[in-house]
1. Among the residues in the stretch 45-56, are any part of a loop (DSSP other than H, G, I, E, B) and of a type outside the set (Phe, Trp, Tyr)?
2. Evaluate the following for Thr75: is it without any contact (Cβ under 8 Å) to a residue 60 or more places away in the chain and over 21 Å from Gly197 (Cα atoms)?
3. Out of everything in the stretch 216-229 that is of a type outside the set (Asp, Glu) and buried (at least 24 other Cβ atoms within 10 Å of the Cβ), what residue ends up being nearest to Asn165 (Cα to Cα)?
4. Somewhere in the stretch 55-64, is a residue at pLDDT 90 or above and polar (S, T, N, Q)?
5. Evaluate the following for Gly130: is it of a type in the set (Gly, Ala, Ser), under 25 Å from the mean Cα position of the chain (by Cα) and more than 17 Å from Glu261 (Cα to Cα)?
6. With the condition kept exactly as written, say whether any residue in the stretch 31-40 is without any contact (Cβ under 8 Å) to a residue 24 or more places away in the chain, closer than 22 Å to Lys247 by Cβ and not acidic (Asp, Glu).
7. Could you please tell me which pairs satisfy a Cβ distance under 7 Å, a separation of 6+ or placement on different chains, a first residue in the stretch 86-114 that is within 21 Å of Gly265 (Cα to Cα) and outside the structural domain of Arg224 (by TED's automatic domain parsing), and a second residue that is part of a helix (DSSP H, G or I) and of a type in the set (Phe, Trp, Tyr)?
Amino acid sequence: MEGDGVDDGDLEIRVRVAIADGIFHADFTGTAPAARGNVNCPLAVTRSALLFVVRTLLPDDVPTNGGVQRAIRITAPRGCLVNAERPSAVAAGNVETSQRIADTVFRALAEGGLAVPAQGQGTMNNVTFGGPRWTYYETIGGGQGASRGAAGPSGVHVGMSNTRNTPIEVLELEHPLRVRTYALRRGSGGAGTWAGGDGVVREFEALGPMEATLLTERRRHGPRGAAGGSDGAPGANLENGAAVLAKVTLQLAAGDVLRIETPGGGGWGKRQPEEARGAGGAVVIIPGLVLLAKLPQHTAHGTSLAALLLPVGILGTLEYYKRGQVNFPYAAVVAVGLLIGAYFGARLAGTMSDATLRKAFGVFLLLISVKLLATR
(Lines give C-alpha, C1' and ligand atoms only; values in the text may rest on other atoms or scores of the structure.)
Protein backbone atom coordinates (compact mmCIF):
# COMPACT_ATOMS: atom_id res chain seq x y z
CA MET A 1 0.00 0.00 0.00
CA GLU A 2 1.30 3.45 -0.96
CA GLY A 3 0.77 5.26 2.30
CA ASP A 4 -2.36 5.65 4.42
CA GLY A 5 -3.24 9.30 3.91
CA VAL A 6 -1.40 10.29 7.09
CA ASP A 7 2.04 8.83 6.43
CA ASP A 8 3.33 8.38 2.87
CA GLY A 9 5.57 5.36 3.42
CA ASP A 10 4.72 2.00 1.85
CA LEU A 11 2.81 -0.52 3.98
CA GLU A 12 3.72 -4.15 3.35
CA ILE A 13 1.23 -6.95 2.85
CA ARG A 14 2.91 -10.33 3.09
CA VAL A 15 1.23 -13.69 2.42
CA ARG A 16 2.13 -17.35 2.20
CA VAL A 17 -0.36 -19.57 0.39
CA ALA A 18 -0.72 -23.31 0.93
CA ILE A 19 -3.27 -25.48 -0.87
CA ALA A 20 -3.73 -28.94 0.64
CA ASP A 21 -6.55 -31.33 1.54
CA GLY A 22 -9.15 -29.14 -0.13
CA ILE A 23 -8.21 -26.05 1.90
CA PHE A 24 -6.90 -22.75 0.51
CA HIS A 25 -4.85 -21.34 3.39
CA ALA A 26 -3.50 -17.78 3.29
CA ASP A 27 -1.10 -16.81 6.08
CA PHE A 28 -0.56 -13.04 6.42
CA THR A 29 2.04 -13.28 9.17
CA GLY A 30 4.59 -10.49 8.67
CA THR A 31 2.06 -7.98 7.32
CA ALA A 32 2.42 -4.40 8.56
CA PRO A 33 0.50 -3.43 11.71
CA ALA A 34 -2.64 -1.32 11.45
CA ALA A 35 -1.96 2.16 10.06
CA ARG A 36 -2.92 5.58 11.44
CA GLY A 37 -4.94 6.34 8.31
CA ASN A 38 -8.08 4.64 7.03
CA VAL A 39 -6.56 1.90 4.83
CA ASN A 40 -6.97 -0.83 7.47
CA CYS A 41 -8.96 -3.87 6.47
CA PRO A 42 -11.37 -5.85 8.68
CA LEU A 43 -10.94 -9.60 8.49
CA ALA A 44 -14.33 -9.97 6.76
CA VAL A 45 -13.10 -7.86 3.84
CA THR A 46 -9.85 -9.83 3.72
CA ARG A 47 -11.90 -13.02 3.50
CA SER A 48 -13.94 -11.52 0.65
CA ALA A 49 -10.74 -10.70 -1.25
CA LEU A 50 -9.59 -14.31 -0.81
CA LEU A 51 -12.96 -15.55 -2.02
CA PHE A 52 -12.57 -13.38 -5.14
CA VAL A 53 -9.21 -15.00 -5.90
CA VAL A 54 -10.52 -18.52 -5.35
CA ARG A 55 -13.59 -17.78 -7.47
CA THR A 56 -11.39 -16.84 -10.46
CA LEU A 57 -9.58 -20.20 -10.19
CA LEU A 58 -12.75 -22.33 -10.23
CA PRO A 59 -14.69 -23.56 -13.27
CA ASP A 60 -17.70 -21.47 -14.25
CA ASP A 61 -20.16 -24.19 -13.25
CA VAL A 62 -19.03 -24.20 -9.61
CA PRO A 63 -21.52 -22.05 -7.63
CA THR A 64 -20.32 -19.49 -5.12
CA ASN A 65 -21.82 -20.99 -1.99
CA GLY A 66 -21.01 -21.85 1.61
CA GLY A 67 -18.91 -24.80 0.52
CA VAL A 68 -16.48 -22.55 -1.32
CA GLN A 69 -16.21 -20.26 1.69
CA ARG A 70 -15.49 -23.18 4.01
CA ALA A 71 -12.52 -24.08 1.81
CA ILE A 72 -10.81 -20.76 2.67
CA ARG A 73 -8.71 -20.43 5.81
CA ILE A 74 -6.96 -17.25 6.93
CA THR A 75 -4.19 -16.65 9.43
CA ALA A 76 -3.62 -12.97 10.23
CA PRO A 77 -2.20 -11.41 13.42
CA ARG A 78 -4.80 -9.45 15.35
CA GLY A 79 -4.44 -5.73 14.84
CA CYS A 80 -2.45 -5.98 11.60
CA LEU A 81 -3.33 -4.15 8.37
CA VAL A 82 -5.55 -7.00 7.09
CA ASN A 83 -7.12 -7.90 10.45
CA ALA A 84 -7.88 -4.48 11.87
CA GLU A 85 -9.79 -4.02 15.09
CA ARG A 86 -11.51 -1.12 16.81
CA PRO A 87 -10.65 1.80 16.81
CA SER A 88 -8.68 1.50 13.54
CA ALA A 89 -10.15 3.47 10.60
CA VAL A 90 -11.27 1.17 7.78
CA ALA A 91 -13.03 3.28 5.10
CA ALA A 92 -10.36 2.64 2.44
CA GLY A 93 -9.82 -0.96 3.50
CA ASN A 94 -12.82 -2.02 1.45
CA VAL A 95 -12.18 -0.05 -1.75
CA GLU A 96 -8.36 -0.06 -1.88
CA THR A 97 -6.64 -2.50 0.49
CA SER A 98 -8.90 -5.37 -0.53
CA GLN A 99 -7.59 -5.09 -4.09
CA ARG A 100 -3.99 -5.11 -2.91
CA ILE A 101 -4.71 -8.27 -0.91
CA ALA A 102 -6.02 -9.94 -4.06
CA ASP A 103 -2.95 -8.75 -6.00
CA THR A 104 -0.61 -10.15 -3.37
CA VAL A 105 -2.32 -13.54 -3.29
CA PHE A 106 -2.32 -13.75 -7.09
CA ARG A 107 1.40 -12.96 -7.11
CA ALA A 108 2.05 -15.71 -4.55
CA LEU A 109 0.17 -18.17 -6.76
CA ALA A 110 2.17 -17.03 -9.80
CA GLU A 111 5.41 -17.63 -7.88
CA GLY A 112 4.09 -21.16 -7.27
CA GLY A 113 3.69 -21.80 -10.98
CA LEU A 114 -0.03 -21.15 -11.54
CA ALA A 115 -1.00 -19.37 -14.75
CA VAL A 116 -2.94 -16.59 -13.01
CA PRO A 117 -3.81 -13.25 -14.65
CA ALA A 118 -1.46 -10.29 -14.50
CA GLN A 119 -2.34 -7.58 -12.00
CA GLY A 120 -4.95 -4.99 -12.91
CA GLN A 121 -5.06 -1.35 -11.88
CA GLY A 122 -5.75 -2.33 -8.25
CA THR A 123 -7.53 0.87 -7.24
CA MET A 124 -10.93 2.49 -7.61
CA ASN A 125 -9.37 5.96 -8.08
CA ASN A 126 -11.85 7.55 -5.67
CA VAL A 127 -12.42 11.25 -6.39
CA THR A 128 -14.64 13.50 -4.27
CA PHE A 129 -15.48 17.18 -4.87
CA GLY A 130 -17.50 19.35 -2.52
CA GLY A 131 -18.60 22.83 -1.59
CA PRO A 132 -21.43 24.52 0.33
CA ARG A 133 -24.51 22.26 0.07
CA TRP A 134 -23.11 19.91 -2.57
CA THR A 135 -20.85 16.85 -2.84
CA TYR A 136 -19.89 14.75 -5.84
CA TYR A 137 -18.14 11.36 -5.70
CA GLU A 138 -17.00 9.07 -8.49
CA THR A 139 -14.60 6.25 -9.19
CA ILE A 140 -12.56 5.89 -12.37
CA GLY A 141 -11.71 2.72 -14.27
CA GLY A 142 -8.30 1.62 -15.48
CA GLY A 143 -6.53 -1.26 -17.19
CA GLN A 144 -7.22 -4.89 -16.40
CA GLY A 145 -4.34 -7.34 -16.41
CA ALA A 146 -3.97 -9.71 -19.33
CA SER A 147 -4.38 -13.44 -18.87
CA ARG A 148 -3.17 -16.48 -20.76
CA GLY A 149 -5.13 -16.34 -23.99
CA ALA A 150 -6.66 -12.86 -23.74
CA ALA A 151 -5.58 -9.23 -23.62
CA GLY A 152 -6.82 -7.15 -20.69
CA PRO A 153 -9.75 -4.81 -21.37
CA SER A 154 -9.18 -1.06 -21.07
CA GLY A 155 -11.01 1.52 -18.99
CA VAL A 156 -12.76 -0.86 -16.59
CA HIS A 157 -12.87 -1.49 -12.87
CA VAL A 158 -10.90 -4.50 -11.71
CA GLY A 159 -11.86 -6.59 -8.73
CA MET A 160 -14.69 -4.43 -7.46
CA SER A 161 -16.99 -1.55 -8.30
CA ASN A 162 -20.39 -0.26 -7.28
CA THR A 163 -20.67 3.01 -9.21
CA ARG A 164 -21.80 3.80 -12.72
CA ASN A 165 -20.08 6.05 -15.21
CA THR A 166 -21.67 9.47 -14.65
CA PRO A 167 -22.48 11.18 -17.98
CA ILE A 168 -20.35 14.30 -18.44
CA GLU A 169 -23.41 16.38 -19.36
CA VAL A 170 -25.13 15.53 -16.06
CA LEU A 171 -21.99 16.24 -14.01
CA GLU A 172 -21.48 19.65 -15.63
CA LEU A 173 -25.14 20.63 -15.29
CA GLU A 174 -25.34 19.72 -11.61
CA HIS A 175 -21.98 20.92 -10.26
CA PRO A 176 -19.43 23.73 -10.88
CA LEU A 177 -17.07 21.39 -12.74
CA ARG A 178 -15.99 21.04 -16.36
CA VAL A 179 -14.57 17.78 -17.72
CA ARG A 180 -11.74 18.80 -20.05
CA THR A 181 -10.51 15.33 -20.96
CA TYR A 182 -11.97 11.84 -20.76
CA ALA A 183 -10.04 9.26 -22.78
CA LEU A 184 -8.12 6.03 -22.67
CA ARG A 185 -4.50 6.41 -21.59
CA ARG A 186 -2.95 4.84 -24.68
CA GLY A 187 0.17 2.75 -24.13
CA SER A 188 -0.24 2.41 -20.35
CA GLY A 189 -0.97 -1.33 -20.50
CA GLY A 190 2.00 -3.65 -20.08
CA ALA A 191 3.39 -5.39 -23.15
CA GLY A 192 3.39 -9.15 -23.51
CA THR A 193 2.15 -12.03 -25.60
CA TRP A 194 -1.19 -10.65 -24.43
CA ALA A 195 -1.13 -6.94 -23.56
CA GLY A 196 -2.60 -5.38 -20.44
CA GLY A 197 -5.52 -2.99 -20.76
CA ASP A 198 -4.98 0.75 -20.90
CA GLY A 199 -5.86 3.12 -18.09
CA VAL A 200 -8.00 6.25 -18.29
CA VAL A 201 -7.26 9.99 -18.34
CA ARG A 202 -9.92 12.18 -16.71
CA GLU A 203 -9.34 15.90 -16.26
CA PHE A 204 -11.56 18.23 -14.22
CA GLU A 205 -11.55 22.04 -14.22
CA ALA A 206 -12.93 23.75 -11.13
CA LEU A 207 -15.36 26.56 -12.00
CA GLY A 208 -15.37 27.88 -8.44
CA PRO A 209 -13.73 27.30 -5.07
CA MET A 210 -14.13 23.75 -3.79
CA GLU A 211 -12.45 20.92 -1.91
CA ALA A 212 -11.20 17.79 -3.70
CA THR A 213 -10.18 14.55 -2.03
CA LEU A 214 -8.29 11.74 -3.74
CA LEU A 215 -8.12 8.18 -2.45
CA THR A 216 -6.02 6.27 -4.97
CA GLU A 217 -3.31 3.62 -5.29
CA ARG A 218 -0.69 2.41 -7.76
CA ARG A 219 0.94 5.83 -8.16
CA ARG A 220 4.43 4.55 -7.35
CA HIS A 221 4.27 0.84 -8.15
CA GLY A 222 2.68 -0.22 -11.44
CA PRO A 223 0.59 -3.40 -11.69
CA ARG A 224 2.87 -6.40 -12.14
CA GLY A 225 2.94 -8.41 -15.34
CA ALA A 226 2.80 -12.21 -15.32
CA ALA A 227 4.76 -15.00 -17.02
CA GLY A 228 7.36 -12.52 -18.31
CA GLY A 229 4.91 -9.79 -19.33
CA SER A 230 5.75 -6.15 -18.67
CA ASP A 231 4.28 -4.16 -15.78
CA GLY A 232 1.47 -1.71 -16.41
CA ALA A 233 2.22 1.99 -16.06
CA PRO A 234 1.57 3.47 -12.60
CA GLY A 235 -1.09 6.14 -12.32
CA ALA A 236 -0.61 9.83 -11.58
CA ASN A 237 -2.52 12.65 -9.89
CA LEU A 238 -1.74 16.16 -11.10
CA GLU A 239 -2.94 19.57 -9.88
CA ASN A 240 -2.24 22.21 -12.52
CA GLY A 241 0.46 19.93 -13.92
CA ALA A 242 2.23 19.27 -10.61
CA ALA A 243 2.16 15.80 -9.07
CA VAL A 244 0.23 15.34 -5.82
CA LEU A 245 0.04 12.41 -3.42
CA ALA A 246 -2.05 9.30 -3.96
CA LYS A 247 -4.18 10.16 -0.93
CA VAL A 248 -4.68 13.87 -0.42
CA THR A 249 -7.19 16.67 0.16
CA LEU A 250 -6.83 19.76 -2.04
CA GLN A 251 -8.34 23.26 -1.98
CA LEU A 252 -9.16 24.21 -5.57
CA ALA A 253 -9.83 27.70 -6.90
CA ALA A 254 -11.69 28.62 -10.08
CA GLY A 255 -9.56 27.64 -13.07
CA ASP A 256 -7.56 24.95 -11.28
CA VAL A 257 -7.27 21.67 -13.19
CA LEU A 258 -7.14 18.24 -11.56
CA ARG A 259 -5.90 15.48 -13.86
CA ILE A 260 -6.22 11.79 -12.97
CA GLU A 261 -4.24 9.21 -14.95
CA THR A 262 -5.21 5.70 -13.90
CA PRO A 263 -2.87 2.69 -14.05
CA GLY A 264 -2.65 0.26 -16.95
CA GLY A 265 -2.89 -3.49 -16.47
CA GLY A 266 0.10 -5.84 -16.55
CA GLY A 267 0.94 -7.87 -19.64
CA TRP A 268 0.97 -11.68 -19.77
CA GLY A 269 3.77 -13.68 -21.39
CA LYS A 270 7.01 -12.59 -22.97
CA ARG A 271 6.71 -10.31 -25.94
CA GLN A 272 8.39 -11.73 -29.03
CA PRO A 273 11.08 -9.67 -30.77
CA GLU A 274 9.83 -7.55 -33.65
CA GLU A 275 11.92 -9.57 -36.10
CA ALA A 276 10.40 -12.86 -34.97
CA ARG A 277 6.85 -11.53 -35.04
CA GLY A 278 7.38 -10.04 -38.48
CA ALA A 279 9.17 -13.06 -39.97
CA GLY A 280 7.33 -14.14 -43.07
CA GLY A 281 6.62 -12.37 -46.30
CA ALA A 282 9.79 -11.97 -48.32
CA VAL A 283 11.91 -13.86 -45.77
CA VAL A 284 9.86 -17.05 -46.16
CA ILE A 285 7.84 -16.78 -49.36
CA ILE A 286 10.54 -15.78 -51.84
CA PRO A 287 13.07 -18.51 -50.86
CA GLY A 288 10.22 -21.04 -51.03
CA LEU A 289 9.27 -19.93 -54.54
CA VAL A 290 12.88 -20.05 -55.70
CA LEU A 291 13.93 -23.33 -54.07
CA LEU A 292 10.70 -25.32 -54.21
CA ALA A 293 8.77 -23.90 -57.15
CA LYS A 294 11.99 -23.30 -59.15
CA LEU A 295 10.87 -19.81 -60.14
CA PRO A 296 13.46 -17.28 -61.35
CA GLN A 297 14.42 -14.72 -58.72
CA HIS A 298 12.61 -11.84 -60.43
CA THR A 299 9.47 -13.92 -60.90
CA ALA A 300 9.54 -14.98 -57.22
CA HIS A 301 9.67 -11.34 -56.10
CA GLY A 302 6.81 -10.35 -58.39
CA THR A 303 4.73 -13.37 -57.37
CA SER A 304 5.13 -12.61 -53.64
CA LEU A 305 3.98 -9.02 -54.22
CA ALA A 306 1.01 -10.23 -56.28
CA ALA A 307 -0.06 -12.44 -53.36
CA LEU A 308 -0.24 -9.35 -51.16
CA LEU A 309 -2.93 -7.87 -53.42
CA LEU A 310 -5.35 -10.33 -51.84
CA PRO A 311 -6.61 -9.75 -48.23
CA VAL A 312 -4.29 -12.49 -47.02
CA GLY A 313 -3.60 -10.87 -43.63
CA ILE A 314 -7.18 -10.48 -42.36
CA LEU A 315 -7.37 -13.63 -40.22
CA GLY A 316 -3.86 -13.18 -38.82
CA THR A 317 -4.57 -9.52 -38.06
CA LEU A 318 -7.73 -10.49 -36.18
CA GLU A 319 -5.75 -12.87 -33.96
CA TYR A 320 -3.16 -10.19 -33.15
CA TYR A 321 -5.98 -7.66 -32.57
CA LYS A 322 -7.63 -9.97 -30.01
CA ARG A 323 -4.36 -9.96 -28.07
CA GLY A 324 -4.09 -6.17 -28.22
CA GLN A 325 -1.05 -6.33 -30.51
CA VAL A 326 -2.16 -4.16 -33.44
CA ASN A 327 -1.28 -0.47 -33.69
CA PHE A 328 -3.39 0.81 -36.60
CA PRO A 329 -1.71 4.24 -36.97
CA TYR A 330 1.69 2.56 -37.34
CA ALA A 331 0.13 -0.03 -39.66
CA ALA A 332 -1.00 2.80 -41.93
CA VAL A 333 2.50 4.30 -41.95
CA VAL A 334 4.05 0.91 -42.74
CA ALA A 335 1.49 0.35 -45.52
CA VAL A 336 2.44 3.63 -47.17
CA GLY A 337 6.11 2.70 -46.80
CA LEU A 338 5.48 -0.69 -48.39
CA LEU A 339 3.60 0.90 -51.25
CA ILE A 340 6.43 3.29 -52.04
CA GLY A 341 9.17 0.74 -51.29
CA ALA A 342 7.58 -1.95 -53.46
CA TYR A 343 7.41 0.42 -56.44
CA PHE A 344 10.98 1.69 -56.25
CA GLY A 345 12.26 -1.73 -55.19
CA ALA A 346 10.70 -3.30 -58.27
CA ARG A 347 12.29 -0.67 -60.50
CA LEU A 348 15.68 -1.23 -58.88
CA ALA A 349 15.38 -5.01 -59.15
CA GLY A 350 14.57 -4.63 -62.84
CA THR A 351 18.04 -3.16 -63.44
CA MET A 352 19.78 -6.25 -61.96
CA SER A 353 20.45 -9.60 -63.47
CA ASP A 354 18.75 -12.63 -61.96
CA ALA A 355 22.03 -13.81 -60.39
CA THR A 356 22.83 -10.39 -58.89
CA LEU A 357 19.34 -10.08 -57.39
CA ARG A 358 19.60 -13.60 -55.93
CA LYS A 359 22.92 -12.78 -54.27
CA ALA A 360 21.64 -9.45 -52.90
CA PHE A 361 18.62 -11.18 -51.43
CA GLY A 362 20.86 -13.87 -49.94
CA VAL A 363 22.89 -11.20 -48.11
CA PHE A 364 19.63 -9.73 -46.80
CA LEU A 365 18.55 -13.14 -45.47
CA LEU A 366 21.97 -13.64 -43.86
CA LEU A 367 21.70 -10.31 -42.01
CA ILE A 368 18.19 -11.19 -40.81
CA SER A 369 19.43 -14.60 -39.59
CA VAL A 370 22.32 -13.06 -37.66
CA LYS A 371 19.99 -10.55 -36.04
CA LEU A 372 17.51 -13.26 -34.97
CA LEU A 373 20.27 -15.51 -33.60
CA ALA A 374 21.74 -12.60 -31.62
CA THR A 375 18.38 -11.68 -30.04
CA ARG A 376 17.78 -13.20 -26.64
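The values are calculated or read from the model by the stated rules, or taken from the named source; none is laboratory data. For clarity, every value in this text was computed on a predicted model and none was experimentally measured. Because the Cβ atoms are built from the backbone with ideal geometry, glycine has one as well, and the counts that use them run over all protein chains shown.
1. No, the conditions are met nowhere in the stretch 45-56.
2. So Thr75 fits the description; yes.
3. Per the stated criteria, the residue is Thr216.
4. Within the stretch 55-64 (the criterion being at pLDDT 90 or above and polar (S, T, N, Q)), the answer is no, since none of the residues qualifies.
5. When the stated conditions are applied, Gly130 does not pass them.
6. Start the filter on the stretch 31-40 by keeping residues that are without any contact (Cβ under 8 Å) to a residue 24 or more places away in the chain, which leaves none.
So far as the stretch 31-40 goes, no, none of its residues is without any contact (Cβ under 8 Å) to a residue 24 or more places away in the chain, closer than 22 Å to Lys247 by Cβ and not acidic (Asp, Glu).
7. Ala102/Phe52
Here's the yes/no breakdown for (1) crowded, with 22+ Cβ neighbours inside 10 Å; (2) modelled with pLDDT of 95 or more:
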position	(1), (2)
Ala233	yes, yes
Gln251	no, yes
Asp256	no, yes
Glu275	no, no
Ala282	no, no
Leu291	no, no
Gly302	no, no
Gly313	no, no
